[in-house]
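The values are calculated or read from the model by the stated rules, or taken from the named source; none is laboratory data. Model, not experiment: these values are computed from the prediction. Because the Cβ atoms are built from the backbone with ideal geometry, glycine has one as well, and the counts that use them run over all protein chains shown. Ligands, DNA and RNA are stripped out before the accessible areas are found, and what is left, the full protein with its side chains, is counted by its heavy atoms. Shrake-Rupley method; radii C 1.70, N 1.55, O 1.52, S 1.80 Å.
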Amino acid sequence: MTKTDHDENSAPATTTEPAAGATATEPATTTTDVDSADAPRVLDEAAWAEAHDDDADEDDAPLHFGAVAEGAADEDEGEDEGAAAEAADVAARPDVELTMAEQPEIPVSLIDEDALWVVKRLRAKGFEAYLTGGCVRDLLLGRTPKDFDVATVAHPNQVRAVFRNCRLVGRRFRLAHVFFPSGKVIETATFRANPTDTLEDLTEDLLVERDNVFGNVEEDARRRDLTINGLFYDPIGGKVLDFVDGRRDLEARLVRTIGDPDIRFQEDPVRILRAIKFATRLGFGFDDKTWDAMTRHAAGLLRCAPARLQEELLRLLTSTHAMAAWALCERAGVVQVILPELVDALAMPLEPRPVEARPVRLTTAALSTPTMTPGVTTPSSEAASAGEPATGDAAQGDSPAVTVADATDAPVAAVAAAAIAPGSASEPAPADTDHAAPSTSPPLPPTAEERKARLAAMLAALDEVRRRDADVTSAALWSALLVPVYEAMAQSTTSFDGWFGHASERWTERLRLTRHDRERIPQLFLAQDDLGAHKRRGQHARAVVVRPSFREALLVLALRLWSAQQPLDEVAAWKVVAQHFGVPYQQPRSEKNRMRAAGRQGGGGRDRGRDRGRGGGGRGRGSRDRGRGGRR
C-alpha cells in the first residue's frame, strides 16, 4: 500500500499509557506503533464524492442488489449539540502505545489491513474497538470475509473526529464510514443496547423503529439478531469475544436467534429474511424454536420499511443460493406475504389462446440445431451452414465456448458477415417464416406445477450467473422471477401487461419497486421477441443492440435458454452483432470490494449514475448518452 504523510488525526504518536478497552488477561505481546509509515493512505471524501456525483434523479436509478434501503443522512444533518464537545475531547486525548498478541486466535495475515488500521487508530485514542459480525464468523469458518466491520465504544461524532476521511450516514441508526482510495469503506458502528431492554414494561408493538441507545460490547452482542453474528474479535489482544454462544452454533452449524425468537422477530421481522440468507449461504440448519417463530411472524414483514424488504429480497436472489432461499421463503410463508400476486399467478388457471389468433414462428435454426449442453464448447452452426469466414477468436481457429457464463461475458464471433451487413447482395434469404399452427388444437399453457418448476430452473440459472461474478441489475432480477408467468400468459388469453401493471402497483407500495424498474421490466420482455433471428439483419439489428436495455435483455434471454436446456447460439449471434456495431454487450462484473459509500445508500444522489449505466448499454461512467437512455 502506498505510504503518505498524514496529519495528527491520521497517524498518532505513541506513549507508554495502556490501551483502553484491552482484555483483562493479556497473552505474550510485542510492541507496535501506529505511525504514519504503517497507516494506509486515506481518501479525501469530498473529492471522492465530487468525482462520483452524476447528479442523477433518485427515481431514475435502478436499485441494485448491493443497494442499502435506508436513505443516508448528510454529513452535517442531525448533529447533536454535544458534537463539538466530543470532537474536542478526542483532540485532547493522548495517543497510547499498542501491543499485539504473539499468538492470536485469528492470524493477522487474514485480517484486512485497512480494517486493522481503523481498530488501531481507535484503540490508540483510548476507545474500545473490535472487529465484529460476519467477518469474525467467516474467519472462524475458514471462509474469506466479504467485508470487515468495526464496532467501538466511541460515539459517531467521536469516530468522525478521529478520522478525517470519515462520513456519518444512516437514519435508523448513525454509522461512521471510513473511506479508502481503493473504494473500500470500513463501516464503524457504536456499541448499542437493545431499546426494549431499557423499557420497564414491554409494549404490545415490539417493532424497533429507532436504535440509538448506546451500550457496551456485551449489550451490543445481545441486541443482535443471530448468535453466529454476535461475535467480536480483538485483533490487539488476539481473542474472540463470545457472549451469546455463537461459536457453539458455528460448530453445530445452526442458525439460532439471540434470546427469545418470538421477541426478536417482532422487533425486526426482516430478521426472518436474514436468517434464511445465512442458512442458505453457509449451509446451516435452523434451531427448531427459531424456525417455528419465523413461520409464526412472517406476516409481520408488511410492517417493515418497504425498501428494506426489497433490499433483502434482492440480496437473496443474488446470493448464489437463490433457488434454496426461495424454497425456504415458500416454506416459511414469506413469499405469500410479500409477493402474493406472483404466488397467485403461478397457480391460476389459464385459458389457452385460440390457435388462429396466434401465429407461430418456425425457424430453421430451431429445427436443425442440436441441443447444446451448457459448458460444452461448440462452433457456430450458422457460420458453418453459411460457409462464411468467422471473425474474432473464431477466425483464429478457436471454437467459442457457449455457456451460461459466456452469456454474460465472452464474445462469440462466428456469425457470417453477410448476415450482419445491411443491404448485402449476398445476404441469404430469411430462414424464418410465419406459419399457421400445424395443429387445430391450441397448445395448453403450462400447468401450475410446470410454472413452479420453471421458476426453480430460472433461479438455478441465476445462481450460476452470480457464481461467475456477473453483476445483475434489479430489473433483470425481477424479470427472472416473472419469466414463468410471462411465458405462460403468452400462450393464454390473459394479458401479461395488464397483470404486471396491477402487480407492480402493489409492489411499489409494499416493496418500493422503483419507477425505473417498473418501466424497464416490460421493456425486457418486449425485447425477448426482438432478439429473434428475424431481427438480426441490417438496420433492424442495429436498432435492437443500441437500446439501453440491450445487455439486460440479452442476459434474460440467456437465463431463459439455459434454464430450459436450450442452445445459447442465439445469444452468441447477438454478441457478434453488437460487436459489429461497436456496442457493449459484456455484463459488468461485481465489485471486488463492497462499496458502501453514502451515495449508494439513497438520499444523496451520488454514485447512482454509475448504477443506472450497469443495466444498459452504457459506454462508460459519466456518458450523457447512457444517462438519457436510462430515462427513455
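So, R0 is 45 Å and r is the distance between the beta-carbons of Asp260 and Glu519; what FRET efficiency does that work out to, to 0.05?
0.55
Could you order peptides 259-268, 579-588 by the average number of other Cβ atoms within 10 Å of their residues, highest first?
259-268, 579-588
Taking Cα atoms of segment 210-358, Rg/Rh with Kirkwood Rh, to two decimals?
1.11
Rolling a 1.4 angstrom probe over the protein chains, ignoring ligands and nucleic acids, what is the accessible area of Thr494 in square angstrom, nearest 10?
Answer for Thr494: close to 50 Å² accessible.
Between Glu509 and Ala88, what length comes free when the chain is fully extended (0.36 nm per residue of separation minus the Cα-Cα distance, one decimal in nm)?
That pair, Glu509 and Ala88, stretches by 147.0 nm at full extension.
With a 1.4 Å probe and all protein chains kept in place, how much accessible area does Ser495 have, in Å² rounded to the nearest 10?
Ser495 has an accessible surface of roughly 70 Å² with all protein chains in place.
Going by accessible area, probe 1.4 Å, with all protein chains left in place, what is the ranking of Thr320, Thr99, Thr290, Thr493, largest first?
Output order, biggest surface exposure first: Thr493, Thr99, Thr320, Thr290.
Considering only C-alpha atoms, what is the centroid distance from segment 521-567 to segment 164-193, in Å?
Rounded to whole Å, the Cα centres lie 41 Å apart.
For segment 515-597, I need the span (max minus min coordinate) of the C-alpha atoms along each principal axis, in Å, sorted largest to smallest.
That gives 44, 29, 26 Å along the principal axes, largest extent first.
If you plug each phi of segment 219-232 into the Karplus form 6.51 cos²θ - 1.76 cosθ + 1.60 with θ = phi - 60°, what whole-Hz ³J(HN,Hα) values come out, in order, with x for Gly and Pro?
Working through the residues one at a time gives 5, 5, 5, 6, 8, 6, 7, 10, 4, 6, 9, x, 9, 10 Hz.
Could you derive backbone 3J(HN,Hα) for segment 533-547 from the dihedral phi with the Karplus parameters 6.51, -1.76 and 1.60 (θ = phi - 60°), listing whole Hz in sequence and x where the residue is Gly or Pro?
5, 5, 9, 8, 9, x, 5, 4, 5, 4, 4, 6, 6, 7, 5
Would you calculate the separation in nanometres between label points at Gln336 and Ala448, each defined as 7 Å from the Cα along the Cα-to-beta-carbon direction?
1.2 nm
How big is the Rg/Rh ratio for segment 240-315, C-alpha atoms only, Rh by Kirkwood, two decimals?
0.98
Mind giving me the FRET efficiency for Ala299 and Met348? R0 is 22 Å, r the Cβ-Cβ distance, nearest 0.05 is fine.
0.45
Between Phe286 and residues 5 or more places away or on another chain, which pairs have amide H atoms under 5 Å apart, with H built 1.01 Å from N, and which residues are they?
When sequence neighbours closer than 5 places are left aside, the close amide H contacts are Val255.
In terms of the Cα gyration tensor, with a ≥ b ≥ c the square roots of its eigenvalues, is segment 274-358 rounded because a/c is under 1.5, prolate because a/b exceeds b/c, or oblate?
It is prolate, given that a/c is not under 1.5 and a/b is the larger ratio.
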